[in-house]
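The next block holds one structure in the form of structure tokens; read it before the comments.
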Amino acid sequence: MMNFLFKKRLIIIYLTMLFVPQICEAQTVSVIRNLSFGNIYFTGSGGSISVSNTGSVSTTGTVGLFASSPTPTTAIIRVYAGRNSRFTWGLSYSSTITLNRTKGGSVTVTLTDTDPSGWFVIPKDSSKDFSIGGKMTVRSISYNPGGYYSGTFSVTLNYF
């Protein structure tokens with residue numbers, strides 16, 4: 001009869017955890033078209049003109065568009081997502097901006113939702129356009145004299 005002698009062995013395994021964040025290539029964001037309300041007129045106490053994020057135009061109060069006015073347009077932003085980019089994106093921006101006239105006067109613009117809205121998917125190595133509309137409110141001629149009004153707004157892209 002044979003006797004076997006078993007020895008207990010202690011096996012030690014060293015695990016090293018290394019976290020490397022995903023390295024993303026730079027994304028490209030381009031302004032394709034600016035938000036524009038065309039050439040408007042108003043009388044009395046004013047009103048507003050709205051350009052929806054899908055491009056439809058409406059007015060309230062005594063605001064109207066001149067017949068030869070350029071067509072009001074949404075802003076169009078193009079986002080290009082590269083080969084090593086994130087997959088899901090969201091957009092944020094300040095909801096209210098002020099447009100100023102060089103010789104005094106200002107109007108308030110409230111930006112509306114984007115199209116597409118919320119979180120959206122951009123497949124890797126492709127681009128997606130989204131539009132932003134707004135509502136411009138004008139008051140009396142003493143507050144908003146005739147002239148060219150302009151301003152800017154910032155767009156922030158969020159991703160995960």
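The values are calculated or read from the model by the stated rules, or taken from the named source; none is laboratory data. Since this is a predicted model, take the numbers as computed values, not measurements. Backbone-built Cβ (ideal geometry, glycine too); neighbour counts: all protein chains shown. Just the protein is used for accessible areas: all its heavy atoms, side chains included, with ligands, DNA and RNA removed. Shrake-Rupley method; radii C 1.70, N 1.55, O 1.52, S 1.80 Å.
Descriptive notes on the structure:
- Total residues in region 85-98 satisfying the condition of being in contact (Cβ under 8 Å) with a residue 24 or more places away in the chain, of a type in the set (Gly, Ala, Ser) and either touching a strand residue (DSSP E or B) at 6+ places or on another chain (Cβ under 7 Å) or surrounded by 16 or more Cβ atoms within 10 Å (Cβ to Cβ) (or both): the figure is 3.
- Candidate set: region 55-72, residues that are open to solvent by 30 Å² or more (accessible area, probe 1.4 Å) and hydroxyl-bearing (Ser, Thr, Tyr); chosen: the one nearest to THR152 (Cα to Cα): THR71
- Candidates ILE40, ILE49, filtered to the one that is modelled with pLDDT of 90 or more and more than 22 Å from the chain's Cα centre (by Cα): ILE40
- Every residue from region 99-114 that is within 17 Å of THR74 (Cα to Cα) and open to solvent by 30 Å² or more (accessible area, probe 1.4 Å): THR108, THR110, THR112, ASP113
- Residue within region 104-111 that is closer than 16 Å to THR54 by Cα and modelled with pLDDT of 85 or more present: yes
- Among the residues of region 116-126, not a single one is part of a strand (DSSP E or B) and surrounded by 16 or more Cβ atoms within 10 Å (Cβ to Cβ).
- Any chance VAL155 is modelled with pLDDT under 90, out of contact with any His (no Cβ under 6 Å at 6 or more places or on another chain) and surrounded by 17 or more Cβ atoms within 10 Å (Cβ to Cβ): yes
- Whenever a residue of region 134-158 is closer than 30 Å to VAL121 by Cβ, its partners that are aromatic (Phe, Trp, Tyr) and at pLDDT 90 or above, lying with C-beta atoms within less than 9 angstrom and at least six residues away or across chains, give the pairs GLY134/PHE37.
- Total residues in region 127-152 satisfying the condition of being assigned to a loop (DSSP other than H, G, I, E, B), open to solvent by 60 Å² or more (accessible area, probe 1.4 Å) and more than 15 Å from SER92 (Cα to Cα): the figure is 5.
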